[in-house]
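Colleague: Let me begin by handing over the structure; questions about it come next.
Bear in mind that the values in this text are calculations on the coordinates, not laboratory data. Please read all numbers here as calculations on a predicted model, not as lab measurements. Using ideal geometry, Cβ is built from the backbone for each residue, glycine included, and neighbour counts are taken over all protein chains shown.
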Amino acid sequence: MRNFAPWNDPAAVPLIRLRNVTKHFGSTVAVNNLSFDIYENEFFCLLGPSGCGKSTLMRMIAGFEEPTSGLITLDGKDLAGVPPYRRNINMMFQSYALFPHMNVEKNIAFGLKQEGMAKDLIAERVGEMLRLVQLEPLAHRYPDQLSGGQKQRVALARALAKRPRVILLDEPLGALDKKLREETQFELIDIQVSSGTTFVVVTHDQEEAMTMADRIAVMNLGNVVQVGTPAEIYEQPKTRFIAEFVGDVNILEGKVVKQTEDGLWHVACASSVSDLIIDDPDEVLEAGQAVAIAVRPEKMTISHENDAPEGEPNQLKGEVWDVGYLGDWTVYRIKLDTGEFMRVSQANVARLRDVPFDWEDRVVMSFKPGAAIILSQ
């Protein structure tokens, strides 16, 4: 992980600033009063389900849509009324939009020729871009002779060739198969760091956002629900929506009983053997308040009922309902005695290890007080 966090520096000046940005389409509010910053050299991701407003927001940054109200600035300059071609921002579309009658070299050079750059400078810049995206051997191939991943890199090289301050990528990996998508995620990170260009990516794929982004803005129903690093979004979600949307999570319902002198919260929960004990100092709660407890499956332990450790806090009893062997992980779906279902993930650290729990086994799950968070929203 690179040491990059300008948002923690009070003196850092954002490259892109959004203040109270709203977009209406008739009576529909596509983007609702959004405010956040994006910094130079940042790999920033807009993450959310379909229809949440993330593509509309990207199109406003690009200049293809104008905000109904609010302010978008680049380098401190108001972008209102500035056409896309004058924004020093390039957008790479999901379809890649390569010219089929031009080879790789000419596709990359197209925008530079349109600007009237000298031929020798164009050749130098195209060579630089080919090296950056590792496509030098394919410079004379045409788009129909390229794989999906190669086309994606050509489109990215073309977008980077004009050296914009910002590259906008709309679902850039959506057309690739799973394995190639995973490989390309790391290639994009390397290219972004090498070029020093600010990347803003739209995606609905949580794993993609978590892998690539320095920070993520999670969107829902036109609102930005939380902006944070991948670790913050995953480990410290601010709402139940984020906890459930990003990764797998178990949710337990309960009511606050009290907070003890050591700062631990006691929560009455019908699904647990006794009150849940949660170490979540960020929450301010009241006795009797209804809350949700979020626990990631990999943070839970599982044991046979007759082998369960005594005195372990936060115990839940149930029966193995499903077992999913995923190679690196085994996922157990447990039906609690109260009828709810929970998931527990265990890493498979040994080769050819028999699955230690089978269907209908009686088990006890537990988690440490610090492994869960309390969601009051």
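Colleague: Only bridges whose two residues both fall in the chain count here: according to DSSP, what percent of them are antiparallel, nearest 5? Walk me through the numbers on the way to the answer.
Modeller: On the way: 59 of 77 bridges.
Expressed as a percentage, antiparallel bridges in the chain total about 75.
Colleague: Separate question: Would you calculate a helix-derived [θ] at 222 nm for the chain, using -39,500 (n - 2.57) for each DSSP H run of n ≥ 4 and dividing by the full residue count, to the nearest 500?
Modeller: -7000 deg cm²/dmol
Colleague: Can you give the FRET efficiency for PHE99 and ASN8, using 1/(1 + (r/R0)^6), R0 = 35 Å, r = Cβ-Cβ distance, to the nearest 0.05?
Modeller: 0.25
Colleague: Taking the Cα centre of segment 1-138 as origin, work out the dipole magnitude from +1 charges on Lys and Arg Cβ and -1 charges on Asp and Glu Cβ, in debye rounded to 20.
Modeller: That gives segment 1-138 a dipole magnitude of about 300 debye.
Colleague: Within 9 Å, Cβ to Cβ, of GLN185, how many net charges do the neighbouring residues add up to if Lys/Arg are +1 and Asp/Glu are -1?
Modeller: Value of the local net charge: -4.
Colleague: So between GLU261 and LYS368, what do we pick up on full extension, going 0.36 nm a residue minus the alpha carbon distance?
Modeller: Contour length minus the Cα-Cα distance gives 36.7 nm.
Colleague: Run the simple label-point estimate for LYS77 and ALA347 please: 7 Å along Cα→C-beta, distance reported in nm.
Modeller: Simple spin-label model gives 4.9 nm for this pair.
Colleague: Residues in segment 302-321 near a label at ASP337, defined as backbone nitrogen under 11 Å from the 7 Å Cα→Cβ point?
Modeller: From segment 302-321, the list is 316-319.
Colleague: Just how large is the dipole of segment 248-375 about the Cα centre, in debye to the nearest 20, putting +1 at every Lys and Arg Cβ and -1 at every Asp and Glu Cβ?
Modeller: Computed charge dipole of segment 248-375: roughly 260 debye.
Colleague: Which value, in debye to the nearest 20, gives the size of the charge dipole of segment 74-195 about its Cα centre, when Lys and Arg are +1 and Asp and Glu are -1 at the Cβ?
Modeller: 300
Colleague: How large, in Å, is segment 1-137 by the Kirkwood hydrodynamic radius built from its alpha-carbon pairs?
Modeller: Every distinct Cα pair counted, the radius reaches 17.7 Å.
Colleague: Find the relative contact order for the chain and round it to a whole percent, using C-alpha pairs within less than 8 Å whose residues are 6+ positions apart.
Modeller: After rounding, I find 14 percent.
Colleague: Using θ = phi - 60° and the Karplus curve 6.51 cos²θ - 1.76 cosθ + 1.60, what whole-Hz ³J(HN,Hα) does each residue of segment 317-329 get, with Gly and Pro shown as x?
Modeller: In residue order, the calculated couplings are 9, x, 10, 5, 9, 9, 10, x, 8, 10, x, 7, 10 Hz.
Colleague: With the dipole of the chain worked out from charges on the C-beta (+1 for Lys and Arg, -1 for Asp and Glu) around the Cα centre, which of MET210, GLY263, LEU316 lies farthest toward the positive end?
Modeller: MET210
Colleague: On to the next question. Run down the lysines and flag those whose C-alpha is under 17 Å from the C-alpha of LYS23, throwing out any fewer than 8 positions away in its chain.
Modeller: LYS54
Colleague: Also, quick follow-up: Evaluate the Debye formula for segment 6-243 with equal point scatterers sitting on the alpha carbons, no solvent, and hand back log10 of I(q)/I(0) at q = 0.14, 0.16, 0.17 Å⁻¹, in q order, two decimals.
Modeller: -0.92, -1.18, -1.30
Colleague: Using a Förster distance of 22 angstrom, determine the FRET efficiency expected from the C-beta separation of TRP329 and ASP307, and round it to 0.05.
Modeller: Computed FRET efficiency for TRP329 and ASP307 comes out at 0.55.
Colleague: List the aspartates and glutamates whose Cα lies under 18 Å from the Cα of LYS255, skipping any in the same chain that are fewer than 8 positions away.
Modeller: List returned: ASP275, ASP279, ASP280, ASP282, GLU283, GLU286, GLU340.
Colleague: Moving on to the next point. Can you give the net charge of the other residues whose Cβ lies under 15 Å from the Cβ of ASN33, counting K and R as +1 and D and E as -1?
Modeller: Its environment carries a net charge of +3.
Colleague: Modelled label-to-label distance, LEU121 and THR211, 7 Å Cα→beta-carbon offset: nm?
Modeller: 3.7
Colleague: Going by a ≥ b ≥ c, the root eigenvalues of the Cα gyration tensor, does segment 307-354 fall in the rounded group (a/c under 1.5), the prolate group (a/b larger than b/c) or the oblate group?
Modeller: oblate
Colleague: Please give the Cα centre distance for segment 209-256 versus segment 142-201, rounded to the nearest Å.
Modeller: Using only Cα atoms, the two centres lie 26 Å from each other.
Colleague: For segment 256-355, go through all pairs of different Cα atoms, get the mean of 1/r, take its inverse, and jot down that Kirkwood value in Å.
Modeller: About 15.4 Å for segment 256-355.
Colleague: Compute the distance from the alpha-carbon center of segment 54-96 to that of segment 300-335, in whole Å.
Modeller: 49
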